[in-house]
Amino acid sequence: MVTIEEALRIIADQKINLKSETKPLEDALGYALANKAVSPFDVPEFDNSAMDGYALCGLYQQYKLVGEVAAGDSEAVLMNDGEAVRIFTGAKVPKNTSAVMMQEKTSVEASTLFLDEMPKAGQNVRKKGGQLTKGQEVFEQGHILNPPSLALMGSLGFEQLEVFLKPQVNIITTGNELVKPGQPKLEGQIYESNSYAIAGALQQFGFKHHQKIQIQDDFEATKAGIKAALESCDVLIISGGISVGDYDFVKQSLEKNGVKELFYKVFQKPGKPLYFGRKDNKFVFALPGNPASSLTCFYVYVLSLLQKLSGYRRAGLPTYQFPIKHGYENRFGRPSFLKAFVSEGNVAVLDGQGSSMIQSMAKGNALAFVDDGEKLNEGDLLTCKLIS
Ligand code: AMP
Ligand code: MG
């Protein structure tokens, strides 16, 4: 048995070889940059107008209007002292521009421009290199590409990016009692649901599963199923069959397949019988079958490994502290990840904390961490991992 910290440390300390590939910009969302990115030119590349209005030469309240520059125009416009040109947002300002006045604060009569107020030097001019200078580091290696990162890389002219590959994932569900939703179900059977949670959580964080395999509680079938699944993935996620029951064959099947245990059992609730192992460059998580345990272990542990294997600089769910709306005491006898709901800057621990109870998790949006025996009063800060 390991502690939560030890389990997370073991995952974080795994030595891995990252591989990269080239992706078109439009497919690169959620990937991590395989190399640091450097700006190939100044951004902006030229002084330009931040407003629709008038570029002014000299600082006065009245000018002679001598022309116009639109965004994208490349012809040089000349202005002399006391002259102004009509200009639009993003357009290159003429060489001797003192300021730009927004059009809402102007009026024009014939070819004379009148300003409602005195302009200030440099006003509404976006300076060359004001955001980035040529050669400046834009992103570190491992930067996770979010939508604004894609915009920035696009604005720097990159049409494809070298990114780290994401791991290939297979999912195995185990249990004689499990029936696929939509199929007839006999007395004593239940519908298989963990694979939907795991596949959904993978998708939520930009991962995909390759295969989803259902295996009966039988040693030979489990052994063969794991062997086949391992061949086509980097990370195998198994649900159920990892406890100590007579029908739990996952652990011995993993051993027989040459998977080395890195930890088994974590001192936590839910999800105590969590298993993590490795065979060469392939990793296996065996998650307890109870639906809330399985998904909690995915969010806390599996996700961290998947992100590490994707070359992310930061791995794991975003974690914040919020004041708790009510008193709470952890009497579970183990450090606990509690189904919780964060709203308006506060957090409430939800009813229905059982390991099999997925409804409270479905209605919540966070996993709140409360240590063994910890007692919180209303307003005390509670550490929450946001799951949606
Ligand atoms: P196990 O870890 O295999 O002992 O399963 C623990 C509990 O989780 C049992 O009540 C199982 O029926 C249930 N369970 C296991 N796998 C699934 C699954 N894929 N979908 C829904 N419930 C499951
Ligand atoms: Mg089972």
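Which whole-angstrom value gives the distance between the alpha carbon centres of the stretch 265-287 and the stretch 211-253?
Centre-to-centre (Cα) distance: 13 Å.
Please provide three numbers in whole Å: the alpha-carbon extents of the stretch 246-388 along the principal axes, with the largest listed first.
50, 39, 25
Just the number please: accessible area per residue for the stretch 185-308, 1.4 Å probe, all protein chains included, in Å². Please list the in-between numbers first.
Numbers: 5200 Å² over 124 residues.
Accessible area per residue: 42 Å².
Given a Förster distance of 51 Å, report the FRET efficiency between residue 232 and residue 45 from their Cβ-Cβ distance, rounded to the nearest 0.05. Please report the intermediate quantities before stating the final value.
Values: r = 47 Å, r/R0 = 0.93.
Calculated transfer efficiency: 0.60.
Sort the following peptides by mean Cβ neighbour count (other Cβ atoms within 10 Å, averaged over residues), highest first: 75-87, 120-132.
Answer by packing, highest mean first, reads 75-87, 120-132.
What nm value, rounded to one decimal, do you get for the distance between residue 381 and residue 313 when each label is placed 7 Å out toward the C-beta?
2.4 nm
Project the alpha carbons of the stretch 48-126 onto their principal axes and report the range along each, largest first, in whole Å.
Cα spread of the stretch 48-126 along its principal axes, largest to smallest: 28, 21, 19 Å.
Can you check what the net charge comes to around residue 111, using other residues whose Cβ is under 14 Å from the Cβ of residue 111 (Lys, Arg +1; Asp, Glu -1)?
On the way: positive: 64, 86; negative: 68, 83, 109.
After counting each charged neighbour, the total is -1.
If each residue of separation counts as 0.36 nm, what is the full-extension length gain between residue 68 and residue 22 once their alpha-carbon separation is subtracted?
12.3 nm
Place +1 on the Cβ of every Lys and Arg and -1 on the Cβ of every Asp and Glu in the stretch 191-269, take the dipole about the Cα centre, and give the residue among 224, 202, 238 whose Cα lies farthest towards its positive end.
Comparing the listed Cα positions along the dipole, 202 ranks first.
Rounded to the nearest 20 Debye, what is the dipole magnitude of the stretch 312-381 about its Cα centre when Lys and Arg each give +1 and Asp and Glu each give -1 at the C-beta?
340 debye
Can you give me the angle between helix 194-204 and the longest principal axis of the chain, using Cα atoms only, in degrees from 0 to 90, rounded to the nearest 10?
20 degrees
May I have the pair-distance distribution P(r) for the stretch 186-228, computed from all Cα-Cα distances with 5 Å bins from 0 and rounded to whole percent?
5, 17, 20, 19, 21, 13, 4, 1
With each run of n ≥ 4 DSSP H residues scored as -39500 (n - 2.57), what mean residue ellipticity at 222 nm is computed for the chain after dividing by its residue count and rounding to the nearest 500 deg cm²/dmol?
Details: 8 runs with 68 residues, N = 388.
After summing the helix terms and dividing by residue count, I get -5000 deg cm²/dmol.
To the nearest Å, what is the center-to-center distance of the stretch 307-338 and the stretch 145-193, using C-alpha atoms only?
If we compute the Cα centre of each part, the gap is 22 Å.
Determine one quarter of the surface area of the Cα convex hull of the chain, which equals its mean projected area, and express it in nm² to one decimal. Could the numbers behind the result be given before it?
Values: hull surface 104.9 nm².
Mean shadow area of the hull around the Cα atoms is 26.2 nm².
Lys/Arg Cβ at +1, Asp/Glu Cβ at -1, dipole of the stretch 48-126 taken about the Cα centre: which of 110, 65, 78 is farthest positive-ward?
78
Leaving out ligands and nucleic acids, and using a 1.4 Å probe, what accessible area per residue does the stretch 48-126 come to in Å²? Let's see the in-between values first.
Values: 4210 Å² over 79 residues.
In whole numbers, the stretch 48-126 has 53 Å² accessible per residue.
Give me the orientation-averaged projected area of the Cα convex hull of the stretch 319-386, in nm², one decimal. Please report the intermediate quantities before stating the final value.
Working: hull surface 15.9 nm².
Mean orientational projected area (the stretch 319-386, Cα hull): 4.0 nm².
Working from Cα positions, state the angle (0 to 90°, nearest 10) between the long axis of helix 219-231 and the longest principal axis of the chain.
20 degrees
Taking the Cα centre of the chain as origin and charging only Cβ (+1 Lys, Arg; -1 Asp, Glu), how large is the dipole, in debye to the nearest 20?
The dipole of the chain has a size of about 980 debye.
Rounded to the nearest whole Å², what accessible area per residue is found for the stretch 319-386 with the 1.4 Å probe?
Dividing the accessible area of the stretch 319-386 by its residue count gives 51 Å².
Would you kindly state how much longer the chain becomes between residue 111 and residue 211 on full extension, computed as 0.36 nm times their sequence separation minus their alpha carbon distance, in nm to one decimal?
Working: separation 100, 0.36 × 100 = 36.00 nm, distance 7.12 nm.
Full-extension gain reported as 28.9 nm.
Given a 1.4 angstrom probe, I'd like the percentage of the accessible area of the chain that is carbon and sulfur, rounded to a whole number.
Carbon plus sulfur share of accessible area: 49 percent.
The values are calculated or read from the model by the stated rules, or taken from the named source; none is laboratory data. Computed from a predicted model, the values in this text were never measured in an experiment. For neighbour counting, all protein chains shown are included, and Cβ atoms are generated from backbone atoms with ideal geometry for every residue, glycine included. Surface areas here come from the heavy atoms of the whole protein model, side chains and all, with no ligands, DNA or RNA. Shrake-Rupley method; radii C 1.70, N 1.55, O 1.52, S 1.80 Å.
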